[in-house]
Amino acid sequence: MSFSFVHNWRHIWPIEMLCRVMQISTRGYRSWRTRPLSQRSRTDMKVLAHIREQYSLSLGSYGRPRMTMELKEVGLDVGERRVGRLKRINGI
């Protein structure tokens, strides 16, 4: 959260000052920027692509339980909480 805040405001304020205010190290921020996506983030992106596809096929009528059932039929191992979280975060 702190690193993303610094990243979003880096064009307006100097990175060193933002890091000092957020009480994080500039070295930590720079390593965060170069770090690859985690396995969970990559899986979430794949699941989100399937959610968007199923959402458009259902004409926006599937809720969290039905969407989870459809994704399990496709072969994805997901739970209702994960589907609900991804739908909520992405405004679906």
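The values are calculated or read from the model by the stated rules, or taken from the named source; none is laboratory data. Remember, predicted model here, so these are calculated numbers, not experimental data. Counting neighbours? That spans all protein chains shown, and the Cβs are built from the backbone with ideal geometry, glycine included. Surface accessibility is based on the protein's heavy atoms, side chains included, excluding ligands, DNA and RNA. Shrake-Rupley method; radii C 1.70, N 1.55, O 1.52, S 1.80 Å.
Restricting to region 33-53, give me the number of residues that are at pLDDT below 90 and more than 30 Å from C19 (Cα to Cα).
Qualifying residue count, region 33-53: 0.
Tell me, which helices (runs of 4 or more DSSP H) lie completely within region 25-92 with 1 or more residues that are under 21 Å from S2 (Cα atoms) and not charged (D, E, K, R)?
Output list reads 26-34, 39-57, 80-89.
Contact list please: Cβ distance under 7 Å, first residue in region 77-92 and more than 18 Å from R42 (Cβ to Cβ), second residue among the polar types (S, T, N, Q) and surrounded by 10 or more Cβ atoms within 10 Å (Cβ to Cβ), pairs at least six apart or on different chains.
E80/T68
Kindly provide the set of residues from region 56-68 that are open to solvent by 80 Å² or more (accessible area, probe 1.4 Å) and either farther than 18 Å from R88 by Cβ or touching a residue at least 12 places away in the same chain (Cβ under 8 Å) (or both), ordered by number.
Selection gives L57, L59, R64.
One line per residue, one yes/no per condition, for (1) within 15 Å of the chain's Cα centre (by Cα); (2) charged (D, E, K, R):
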position	(1), (2)
R40	yes, yes
D44	yes, yes
A49	yes, no
Q54	no, no
S58	no, no
L71	no, no
L76	no, no
R82	yes, yes
G91	yes, no
